[in-house]
Amino acid sequence: MASSSTLFGASPSQLCFAKNCVVSRSLGNPTRTNSLKKVRHPRIRCQATSVPADDRVPDMEKRQLMNLLLLGAISLPTAVMVVPYAAFFVPPGSGGAGGGTIAKDALGNDVLANVWVKNHGPGDRTLTQGLKGDPTYLVIEKDRTLAPYGINAVCTHLGCVVPWNAAENKFICPCHGSQYNNQGTVVRGPAPLSLALVHVDVDDGKVLFVPWVETDFRTGEAPWWA
């Protein structure tokens, strides 16, 4: 109680001073101390430990196994993408016997020799899909047999497809007027060369086109397309 009475009797300046200090029993001589004590924090020491080299670097067998796994992971999806892409550039119907190409009709079906001859009369020349996908005429002889040669329909001038004109009995190019006889020999320019030839064979009942590399029987010269 004495301390309380003494505190209430203190002056305002003494009260302000006492707010930041600890008041001793005698207010007339207060002792100043810090209100907050300095706290010492424990020091954390980190010491690097050495790891043996054998534990850090995998041995050669492990590294080779990891490389093989990585190579396999890359190769498989690459092959899956490349194979269909490469197959896109292979002409349809390729891979026939002797390296030839099976002829395809306008609907993309294999041409059957007996059916074709039955449905096309003597002197007929109808387009099919030939070597490298080129449009190629199948020729029906006067005796209703399949001619041993086919005629490539690509004009030797600028590459237009030359239609067969039955009324004129010749091939007439609609682009620049080049003309070829019924065997594809050039008879009027500006085309400089005759139409290319292909061999026509029958394999397992299907018409097969084979590259013509022998002398051109129409001109007696080496084939310009070979």
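The values are calculated or read from the model by the stated rules, or taken from the named source; none is laboratory data. Worth saying up front: this structure is predicted, and the values here are computed from it rather than measured. Positions of Cβ are backbone-derived with ideal geometry, glycine not excepted, and every protein chain shown enters the neighbour counts. For accessibility, only protein heavy atoms count, side chains too; no ligands or nucleic acids. Shrake-Rupley method; radii C 1.70, N 1.55, O 1.52, S 1.80 Å.
Give the residue that is nearest to the chain's Cα centre (by Cα), with candidates limited to residues of the stretch 112-133 that are among the small types (Gly, Ala, Ser) and either farther than 16 Å from Asp201 by Cα or open to solvent by 40 Å² or more (accessible area, probe 1.4 Å) (or both). Let's see the steps before the verdict.
First, pick out the residues of the stretch 112-133 that are among the small types (Gly, Ala, Ser): 113, 121, 123, 130, 133.
Imposing the further condition that a residue be either farther than 16 Å from Asp201 by Cα or open to solvent by 40 Å² or more (accessible area, probe 1.4 Å) (or both) reduces the set to 121, 123, 133.
Details: Gly121: 45, Gly123: 45, Gly133: 22 Å.
Within the stretch 112-133, the match that is nearest to the chain's Cα centre (by Cα) is Gly133.
In the stretch 134-159, which residues are open to solvent by 30 Å² or more (accessible area, probe 1.4 Å) and not hydroxyl-bearing (Ser, Thr, Tyr)?
Asp134, Pro135, Glu141, Lys142, Asp143, Arg144, Leu146, Pro148, Val154, His157, Leu158, Gly159
Are there any pairs with C-beta distances below 7 angstrom linking a residue in the stretch 131-156 that is within 15 Å of Pro211 (Cα to Cα) and of a type in the set (Asp, Glu) to a residue that is open to solvent by 10 Å² or more (accessible area, probe 1.4 Å) and not in a helix (DSSP H, G or I), with the two at least 6 apart or on different chains, and if so which?
Filtered contacts from the stretch 131-156: Asp134/Asn152; Asp134/Val154.
Just to be sure before I move on: is Val187 of a type in the set (A, V, I, L, M, F, W, C), more than 34 Å from the chain's Cα centre (by Cα), open to solvent by 20 Å² or more (accessible area, probe 1.4 Å) and under 18 Å from Asn109 (Cα atoms) in the structure I sent?
No.
Pairs under 6 Å by beta carbon, first residue under 16 Å from Asp124 (Cα atoms) in the stretch 172-185, partner in a strand (DSSP E or B), six or more apart or different chains?
Ile172/Asn165; Ile172/Gln179; Tyr180/Phe171; Tyr180/Val186; Asn181/Lys170; Asn181/Val187; Gly184/Ile151
Quick check, is His176 out of contact with any helix residue (DSSP H, G or I) (no Cβ under 7 Å at 6 or more places or on another chain) and surrounded by 14 or more Cβ atoms within 10 Å (Cβ to Cβ)? Before you say what the answer is, go through the steps one by one.
Numbers: out of contact with any helix residue (DSSP H, G or I) (no Cβ under 7 Å at 6 or more places or on another chain): yes; surrounded by 14 or more Cβ atoms within 10 Å (Cβ to Cβ): no.
Criteria not met by His176.
Keeping to the stretch 99-111, report how many residues are surrounded by 13 or more Cβ atoms within 10 Å (Cβ to Cβ) and outside any strand (DSSP E or B). I'd like the intermediate steps shown before the answer.
Applying the first criterion (surrounded by 13 or more Cβ atoms within 10 Å (Cβ to Cβ)) to the stretch 99-111 yields 100-105, 110-111.
Filter once more, keeping what is outside any strand (DSSP E or B): 100, 103, 105, 111.
So the answer is 4.
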